[in-house]
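Just so it is clear, none of the values below were taken in a lab; they were calculated from the coordinates. Keep in mind it's a predicted model, so treat the numbers as computed, not measured. Here the Cβ positions follow ideal geometry from the backbone for every residue, glycine too, while neighbour counts run over all protein chains shown.
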Amino acid sequence: MPSNDQYAYAVGRVRAMETRLLDRSKIDRMVEAKSAEEALKVLGESEYAEYLAELGSVHEFEKMLDYELRRVYLELRKISPEPELISLFTRKFDYHNLKVIFKAHKLGEKRDELLVQEVGNIPLTELARAVSDEDFRNLPPQMRQAAEKLSEHFRMEADPQLVDLLLDRAMYAEITEMIVELDSSFLKDYFIYLVDLLNIKTYLRVKRINRPKEFLEQALLPFGEVNMMKLVQLAEPLEVLVDRLMFSRYATVIEEGVQAYQKTDTLTRYEKLADDFLIKYAKQAKYLVFGPEPIIGYILAKENELKLIRIIMVGKINKLPTEEIKERLRDVYV
């Protein structure tokens, strides 16, 4: 890992970029806007303004988010002294694209609009070629092994769920290896927390659809600290899960999230609380002046911001009540 001095320029640039993040007041104004059109106008006072003229209607807001995602990662690749740090965060887009392409080719689920352009590390053309030719030798080792296993399975049975399960496991295995190389305790802890929260959500989903223990074991990611298979059994009531995590760092997320889940039969509240937990952790990077942490914090802040805009715009387009949109909002970084 480069020395802290080598990060000085990058941190200075990131601090300037942070000042352009949307604050709570702008988010609140978007939520309180009377229409999707009015909500979009609020962004005219931000760095999203340059994209607004290119949108034919509010229904094209995803284009704006795609443009901003590409711009941010292009900028970060230019300023980071450690390219692998940015590659780690863009790896999820490679796996996402591979999922979309694999399902399109093997299952006929052609959804080109879901592909993330020009952000990942692997060109879309290479991913498409690999799937169509069933030749995965140019892909990273974890991705290659998962793709080969998927191809073998699909010769016997087409199972779309398996695409997500195998590729998610490969992605987190690869990310875990990259984190070891980057040697950042901040990054390591973040992904441990992320995996733990994902595994808890997986447990809740599997329990709801009444799948067997073997399915849960296959669906869980083995890269966190909370061992769900030892912590709680599928047959036990959800109160057992809450009790056993009562004194963990996830206590509030679990208690409030599970309580809301039992009332509504949706994981909306849990997902919001989990995201808030992660962004609260990421905020620690705002107080560090050296090293890669401020860059990591900014990446997480920007991706959180894009999610916030998406939640608001989807809510406004579908004419959801303002209070319902507010309930889904995540915390902001700034």
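Counting helices only, and only those DSSP H runs with n ≥ 4, report the 222 nm mean residue ellipticity of the chain as the sum of -39,500 (n - 2.57) divided by its residues, in deg cm²/dmol to the nearest 500.
-21500 deg cm²/dmol
For segment 102-220, take N as its residue count and report Rg(C-alpha) divided by 2.2 N^0.38 Å.
Numbers: Rg = 15.9 Å, N = 119, 2.2 N^0.38 = 13.5 Å.
Rounded to two decimals, the normalised Rg is 1.18.
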Exercise. If we count every other residue with Cβ under 12 angstrom of Leu55's Cβ, Lys/Arg +1 and Asp/Glu -1, where does the sum land?
Worked result: -4
Seminar exercise, completed: Relative contact order as a percentage, the chain, C-alpha pairs under 8 Å and 6+ apart, gives 24 percent
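Considering only the other residues whose Cβ falls under 12 Å of the Cβ of Gly44, what net charge follows from Lys and Arg at +1 and Asp and Glu at -1?
Values: positive: Lys26, Arg29, Lys41; negative: Glu37, Glu38, Glu45, Glu47, Glu50.
Charge balance in the 12 Å sphere: -2.
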Exercise. Setting aside same-chain residues fewer than 8 positions from Lys110, which lysines have a Cα under 16 Å from its Cα?
Worked result: Lys99
Exercise. Bin by bin, in steps of 10 Å, what percent of the Cα pairs in segment 17-78 do you find, going until the bin that has the longest distance?
Worked result: 20, 52, 25, 3
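Would you tally the net charge around Met178, using a Cβ to Cβ cut-off of less than 14 Å, leaving Met178 out, and scoring K and R as +1, D and E as -1?
Values: positive: Arg91, Lys92, Lys188; negative: Glu82, Glu84, Asp94, Glu174, Glu177, Glu181, Asp183.
Computed value for this residue: -4.
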Seminar exercise, completed: Packing-ranked peptide list from 127-133, 33-39, 109-115, 243-249, highest mean Cβ count within 10 angstrom first, is 127-133, 33-39, 243-249, 109-115
Exercise. Among Ile175, Leu150, Pro222, which residue has its Cα positioned farthest towards the positive end of the charge dipole of segment 114-223, with +1 placed on the Cβ of Lys and Arg, -1 on the Cβ of Asp and Glu, and the dipole taken about the Cα centre?
Worked result: Pro222
Seminar exercise, completed: Sorted on mean Cβ neighbours within 10 Å (highest first), peptides 81-88, 265-272 come out as 81-88, 265-272
Exercise. Using the membrane-span-like helix rule (whole DSSP H runs, Cα extent along the own axis of at least 27 Å, mean Kyte-Doolittle hydropathy at least 0.5), which helices of the chain qualify?
Worked result: 160-182, 293-317
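Convex hull over the Cα atoms of the chain, averaged projected area in nm²?
Taking the Cα atoms of the chain, their convex hull projects to 17.8 nm² on average.
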Exercise. log₁₀ I(q)/I(0) of segment 1-131 at q = 0.09, 0.15, 0.16, 0.19 Å⁻¹, via Debye over equal Cα point scatterers, no solvent, to two decimals?
Worked result: -0.38, -0.92, -0.99, -1.12
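If you take the Cα atoms of segment 195-282, find Rg, then find the Kirkwood Rh from the mean of 1/r over all pairs, what is Rg/Rh? Show your work: numbers first, answer last.
Numbers: Rg = 12.1 Å, Rh = 13.1 Å.
Ratio of gyration radius to Kirkwood radius: 0.93.
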Problem set entry | Dimensionless Rg ratio for segment 220-326, taking C-alpha atoms and the 2.2 N^0.38 Å reference | 1.30
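Mind ordering 120-126, 304-310 by average Cβ neighbours within 10 Å, highest first? Don't skip to the answer; put the middle values down first.
Details: 120-126: 14.7, 304-310: 19.7.
The peptides rank, most packed first, as 304-310, 120-126.
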